[in-house]
Amino acid sequence: MEAWPRGRTRGFRGLVGGGEPSDDQGVAGGQRDRSRGSALRDSGWWLVAVGVAFTGAQLLFVSPRMGLSWDEAVYVSQVSSHAPAAWFDPARARGVPVLVAPVAAVTGSVAALRVYLSVLSGLGLTAALWAWRALRPAWVLALAGVAFGGLWVAQYYGPQAMPDVWSALGCLAAVGCFLRFVVGRGGRWSLAGLGASVAFVTLVRPGDAVYLAAPLIVAVLAVRAWRRWPPAAAIVAGLVAGGAEWVAEAYARFGGVRARLRAAGAEQGGFGLHFALGDELKALNGPTLCRPCTIGVRDPELDLWWFLLPVLVAVGLLAARRAGQLGGTLLPAVCGLCLAAQYLFMIDYAAPRFLLPAYALLAIPVADALAFAVTGVRWDLRPAMAAAMTCFLVVQLVSQHLVLDHEVGGTITFHRDYSTIVAALDRQGVHPPCYLGGVQYIPIAFYAGCASAGSPRPGEHVALLVQSGRRPPSYASGWHPFRITGTAVLHVTAYVR
């Protein structure tokens, strides 16, 4: 890996931030115009605008009324006063409950939670891009923000109580802070940002933190100009700080770290070599979980961007090499590929959200490629190239919105059934204190304010949800059955004790 020379002030800033005045301008006038143009292109308002647009897209296209999913109910229930905590399995981490606690602890409103997370994720995207502020012109970073934030999966999960978007933003910030420190443009603040970002990723998703830290440590050892102990120490300190609670919980609840990892692996079908690249392609446009992934490719005409992604990354690397700053583009690309590898080759199922951290980091070389396509040609060709790149982005955003609209509509319909089932159970006398089991029991129990973990306690109303047409287990065969009607997707019969 080629190092990014310390103290260099041009490179990408010279490549994508400059331009030549036309022949009919005076030298002084050309310098003034170029200065104004450079200031506009490098304004931090570009990054603010991207964050605002990301939040606005979530609020506009991902309905705040969209109910909580199974995983969200698990996370939110840990800090909510609305319902008892659901079983917190060994594969999860406590970062998401910490994030949602300010809202979930005071209100059971899903809409309030959605708005809160939408705003917070917009701020997070702006902050993560700001970590790169000294390394790229702001307008190039804005392109990276659009490339990532324009993905349907980023907008879909931004307002959800799930770890993937937060891991992505933390990874993006960590690599930016790392590069700012090693090239001498950030000092102690960048070092602190690196440690804090790694700790944040570890808190929300420890596995991602390991796959992020590994290439960063290798970069410190492999690149002579970066071979210093402070960034390595900050990375290790971030891992320790962010993972301390996870390790303590491993010993308190699961019998140690190795036992927790074994239990987590068993829940995922076992860790090992699996080729899930094809499964991720099948799930690219939904469903949100492909397990087992036996479906065909949906809307293959919308998959073009996925095959174009490695091409754009390669062009971004070539542009960086031309600018003499290959390391500054190669590192996010390598980190992104490492983060993707665990989901492409280590588990046997797929979900589009798994690749969000990789997409966030690969957005940097993609933005470099798009910027180079505009600024790497003659001055008179730049307007045409800018128009072509704009059209490309518009087509990408529209195609991603089509997928988003389909997924949001299906999710709202599916989660609306939860409310229908809860209302039917309440009419049958199943209300707190109560205990639920069976089909989709965790989110339905959360909506009903019922317990779902452990065993029923004396005095609790108990209900078991069974798929319509199937027999209940023997222990519930004598319970009172009633079929719940009015649902669109979930067709269940409740057995009430």
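The values are calculated or read from the model by the stated rules, or taken from the named source; none is laboratory data. This is a predicted model, so every value here is computed, not measured. A quick note on method: Cβ atoms are made from the backbone with ideal geometry, for glycine too, and the neighbour counts reach across all protein chains shown. With ligands, DNA and RNA removed, areas are computed over all heavy atoms of the protein, side chains included. Shrake-Rupley method; radii C 1.70, N 1.55, O 1.52, S 1.80 Å.
Ignoring ligands, DNA and RNA, what percent of the accessible area of region 350-420 is carbon or sulfur (1.4 Å)?
Ligands and nucleic acids excluded, carbon and sulfur reach 73 percent.
Of LEU143, GLN325, THR107, which is farthest along the charge dipole of the chain in the positive direction, counting Lys and Arg as +1 and Asp and Glu as -1 at C-beta?
GLN325
With axes computed from alpha carbons, what is the tilt in degrees of helix 187-204 against the longest principal axis of the chain, rounded to the nearest 10 within 0 to 90?
Approximately 20 degrees, to the nearest 10.
Keeping all protein chains in place, calculate the accessible area per residue for the chain (probe 1.4 angstrom), answer in Å².
It amounts to 43 Å² per residue over the chain.
Would you please put 426-434, 390-398 in order of how densely packed they are, using the mean number of other Cβ atoms within 10 angstrom per residue and starting with the highest? Before the final figure, lay out the partial values.
Working: 426-434: 15.7, 390-398: 13.1.
Order by mean packing, descending: 426-434, 390-398.
Just to confirm the number: angle between the C-alpha axis of helix 206-222 and the first principal axis of the chain, 0 to 90 degrees, nearest 10?
Relative to the chain, helix 206-222 is tipped by roughly 20 degrees.
Nothing charged except the Cβ atoms of Lys and Arg (+1) and of Asp and Glu (-1): what's the magnitude of the dipole of the chain about its Cα centre? Round to the nearest 20 debye.
Taking the Cα centre of the chain as origin, the dipole is about 1120 debye.
Over region 277-323, what percent of the accessible surface lies on carbon and sulfur atoms, probe 1.4 Å?
Details: 1700 of 2530 Å².
About 67 percent, which is the carbon plus sulfur part of the accessible surface.
Sort 220-227, 316-323, 143-150 by the packing proxy (mean of other Cβ within 10 Å over each peptide's residues), most packed first.
Packing order, densest peptide first, comes out as 143-150, 316-323, 220-227.
Which angle from 0 to 90°, rounded to the nearest 10, does the C-alpha axis of helix 27-41 make with the longest principal axis of the chain?
10
Work out the charge dipole of the chain with +1 on the Cβ of Lys and Arg and -1 on the Cβ of Asp and Glu about the Cα centre, then indicate which of PRO97, ILE444, PRO481 is farthest towards its positive end.
PRO97
Grab the alpha carbons of region 248-322, take their convex hull, and tell me the volume per residue in Å³.
159
Scan (1) 4, 20, 31, 26, 14, 4, 0; (2) 3, 11, 14, 14, 12, 10, 9, 8, 6, 5, 4, 2, 1, 1, 0, 0, 0; (3) 4, 18, 27, 25, 14, 7, 4, 1, 0, 0 for the value of P(r) over Cα pairs in 10 Å bins from 0, in percent calculated from this model and give just the label.
(3)
How compact is region 157-228 by the rule of thumb for globular proteins, expressed as Cα Rg over 2.2 N^0.38 Å? Don't jump to the answer; show the numbers that get you there.
Values: Rg = 12.8 Å, N = 72, 2.2 N^0.38 = 11.2 Å.
Cα Rg divided by the expected 2.2 N^0.38 Å: 1.14.
Relative contact order of the chain: what whole-number percent is it, with Cα pairs under 8 angstrom and at least 6 residues apart?
Numbers: 838 pairs, mean separation 92.8, N = 497.
The value is 19 percent.
Using protein chains only and a probe of 1.4 angstrom, how many square angstrom of THR485 are accessible, to the nearest 10?
Around 100 Å² of this residue is reachable by solvent.
What is the dipole size for region 147-240, taken about its Cα centre, with +1 at each Lys and Arg Cβ and -1 at each Asp and Glu Cβ, in debye to the nearest 20?
480
Name the residue from VAL198, GLN400, LEU308 whose Cα lies farthest towards the positive end of the charge dipole of the chain, charges +1 on Cβ of Lys and Arg and -1 on Cβ of Asp and Glu.
Towards the positive end, the residue furthest out is VAL198.
If you place +1 on the Cβ of every Lys and Arg and -1 on the Cβ of every Asp and Glu, how big does the dipole about the Cα centre of region 287-404 come out, in debye to the nearest 20?
On the way: 7 positive and 6 negative charges, 50 e Å.
The dipole magnitude comes to about 240 debye.
Roughly what % of Cα-Cα distances in region 198-272 sit above 14 Å, to the whole percent?
65
Just to be sure I understand: if I project the alpha-carbon convex hull of region 133-279 onto a plane and average over all orientations, what area do I get in nm²? Kindly include the intermediate steps, with their values, before the conclusion.
Working: hull surface 43.3 nm².
Dividing the Cα hull surface by four gives the mean projection, 10.8 nm².
If each DSSP helix of 4+ residues adds -39,500 (n - 2.57) and the sum is divided by the residues in the chain, what number results at 222 nm, nearest 500 deg cm²/dmol?
-20500 deg cm²/dmol
Computing the accessible area with a 1.4 Å probe over protein heavy atoms, can you report the carbon and sulfur percentage for region 189-249? Spell out each step's value before the answer.
On the way: 2120 of 2690 Å².
Ligands and nucleic acids excluded, carbon and sulfur reach 79 percent.
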